[in-house]
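Notes follow the structure.
Nothing in this text is a laboratory measurement; each read-out follows from the coordinates by a stated rule. Quick caveat, the model's predicted, so the values are computed rather than measured. Here the Cβ is made from the backbone with ideal geometry for all residues, glycine too, and neighbour counts use every protein chain on show.
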Amino acid sequence: MFEDLQAKATKILCTEYGISDCSVAWERPAQPEFGDLATPVSMQLAKTLKKNPKVIAGVLAEQLAKDSSVEKAEVAGPGYVNVWLKPEALLGELKHTREACTAKVTRKEAPVIVEYSSPNIAKPLGIHHILTTVIGQVIANLYMHEGYNVKTVNHIGDWGTQFGKLYVAWKQWGNGDLDKKTVDELLALYVQFHDEEEKNPGLEVEARNAFRQLEEGNDDIRAFWKTVVDISMREIHALYERLHVHLAYEHGESMYENAMQPIVEEGKKKKIFSLGKEGAFIADLEQENLPPAIVIKGDGGTIYLTRDLATVRFRIDEWQPQASLYVVGQEQQLHFQQLFAIVKKLGWQLPHLEHVSFGRMHFADGKMSTRKGKILKLEDVLDEATERAADLIKSRGDSIQSDDPQALAEMMGVGAVVYGIISQNRKMDILFDWDKALSFEGNSAPYLQYTHARARSILRKAEVKNEVPFPKDADSFSNVERSLVGGLLRFPEVILEARASHMPHVLATYLYQLCQNFNAFYNSEPILQSPEPQKSLRIALTALTATVLKSGAELLTLRVPDRM
């Protein structure tokens, strides 16, 4: 219907002013008093037509007002045309919102690769890992929801000199059964290595030799390495479950150990890699206004960039993707600029390559910094969030109802941490505030969860299910009803915007605004006690709001309770 109105506006202007074409862009005003739709097209055409934009707007408004779907059309400001649609027309458009709550069927097309999380083995996930992990998962969710063929990839740091160091540390100071150790115990050994290395520099040489033997296939070191990887992934997967994160492919850097040398030889042959200082091979990127990039170290060892080159090659050969997205912190910007420049110089047939970056995370109370050898563990932060949520539930007494308070505390606590991150613009530094994250009044997960539970409570009392048809005889809206309908209508376009921009906070902001619209509606209009057809209309609006909140929350990796 909106498309029909756009076509009609274009026809009116072309006919009235004898122009061959014009683009009529409709906006959704934030306030209901400015209508359901507005267009600035009159101001855009004024210079070309050499006419007062208000005159053009007046002609357009007069003609649009005759449309059967239009309640009224008015000129506003310097030349806007504001349009109010009839209730039945608006309610008819809500079918698109209902459809947008269900994921589209996956299309048979070249995939979009989304790489995120990418933890290092033998180290616990720190709080900073939550940024790549949840931002990446939300972006993947948005693509999958829109029917894209998505490959979610965990590029695991399971290779490098650090494994040589850990092996030496285990041989020197380890005891007991390795497979019964925790990641914290492995990290303690790693820290001990560095402490001892300050007194005995020869340990560094041992570590490099051990890693070289690992690369050469030494059975003992390979077995040690595999056990360490298994220990780490068990703990990582437990945290992924809490965060509702699921990666289909887990590819360690080790997977590419045999794929790197052919690429290095290709680069040498094409004169892209040349001999640098101390026997290292580098890629000269002066023409790309980038510093030279080391591809092979002087001792012949590979580095992260070498493995990333092999990763790009593997994904092209294996999946022929249309796009490959790397959800990694902005501090790696130079690395990806160099990587993308090198693969372009190699002449490969490339997909769209994009570094989806994000800022650093800080705590409002300044508790992010830690002592040497320590990191602020993600598990500890999630546990603290759950404990804080449990205390909050107890403090509110009977005002919060739940059959399982501990499960609700986990849902609220983990949700508070996740939402506290994804509700902010990823391109900026993320400031996390405990009080704000667990607030029932502000832009937070508990506010979203409580609003959903409120809507579900009304539906239980009305004894209706999620799918509720809108009445055909609704002939008027109050301002809060019109605002709620307008908010619901925006859901499909918000999903598209959040996905196309790779900006999860766009969806989070929308859900917050929808919660505000619904709560204003709830507080000012009787729902179950109102006469027909208002009662059926308001129940249907409540049901669709609950569905949108749940669908949107799950795209953001959150869960919403039916009771709270």
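The table for this structure:
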item	result
Per residue Cα convex hull volume in Å³ - calculated over segment 469-564	103
Rounded to whole Hz, the Karplus (6.51, -1.76, 1.60) HN-Hα couplings of segment 329-344, x for glycine and proline	x, 5, 5, 9, 4, 4, 4, 6, 4, 5, 4, 5, 5, 5, 5, 5
Computed over the chain: relative contact order in percent, which uses C-alpha pairs under 8 Å that are six or more apart	15
Hits among aspartates and glutamates - C-alpha to C-alpha of residue 535 under 15 Å, sequence gap 8 or more where chains match	463, 473, 475, 481, 525
Scaled radius of gyration (Cα, divided by 2.2 N^0.38 Å) that segment 2-85 gives	0.98
Centre separation in Å (Cα based) which lies between segment 92-119 and segment 330-353	27
Entries in 394/550; 108/344; 271/344 that, when Cα-Cα distance is taken, lie over 21 Å	394/550; 108/344
Sequence-distant lysines (8 or more away, or on other chains) whose Cα lies within less than 29 Å of residue 47	8, 11, 66, 72
Over 31 Å (Cα to Cα) - which of 123/199; 165/436; 165/270; 104/226; 199/277 fall in this group	165/436; 165/270; 104/226
Unit charges on C-beta of K, R, D, E only; dipole of the chain, Debye	1100
Volume in Å³ per residue [convex hull over Cα atoms, computed for segment 89-167]	116
Stretchable slack from residue 317 to residue 516, in nm (0.36 nm times residue separation minus alpha-carbon distance)	66.8 nm
Shape category assigned to segment 204-282 from the gyration tensor of Cα positions, a/c cut at 1.5	oblate
Long-range HN-HN contacts of residue 151 with modeled amide H, under 5 Å	112, 113, 114
Segment 1-108: trypsin sites (Lys or Arg not before Pro) falling in loop per DSSP and having at most 13 other Cβ within 10 Å	50, 66, 104, 107, 108
Prolate/oblate/rounded call for segment 319-446, Cα gyration tensor, a/c under 1.5 rounded	prolate
Residues with amide H under 5 Å from that of residue 353, placed H, sequence gap 5 or more	324
Of 79, 258, 397, farthest towards positive along the dipole that unit charges on Lys, Arg, Asp, Glu beta carbons give the chain	79
Order by protection proxy (mean Cβ within 10 Å, highest first), peptides 262-274, 193-205	262-274, 193-205
Förster-model FRET efficiency, 60 Å R0, residue 171 and residue 7, C-beta, rounded to 0.05	0.20
For residue 126, residues with placed amide H under 5 Å, excluding near neighbours	378
Mean Cβ count within 10 Å, highest first, over the residues of peptides 232-238, 540-546, 316-322	540-546, 232-238, 316-322
Cα gyration tensor category, rounded, prolate or oblate, for segment 392-555 with a/c compared to 1.5	oblate
Helix-only CD estimate at 222 nm, as mean residue ellipticity for the chain, using -39500 (n - 2.57) per DSSP H run (n ≥ 4)	-17500 deg cm²/dmol
Per-residue HN-Hα couplings for segment 66-81 [Karplus 6.51, -1.76, 1.60; θ = phi - 60°; Hz; x = Gly/Pro]	7, 5, 5, 8, 9, 7, 7, 9, 9, 8, 9, x, x, x, 6, 10
In degrees, nearest ten, helix 53-64 long axis to first principal axis of the chain (Cα)	70
HN-Hα J in Hz across segment 13-19 - Karplus 6.51, -1.76, 1.60, θ = phi - 60°, x for Gly and Pro	5, 5, 5, 5, 10, x, 9
Bins of 20 Å from zero: percent of alpha-carbon pairs in the chain	18, 42, 29, 11, 0
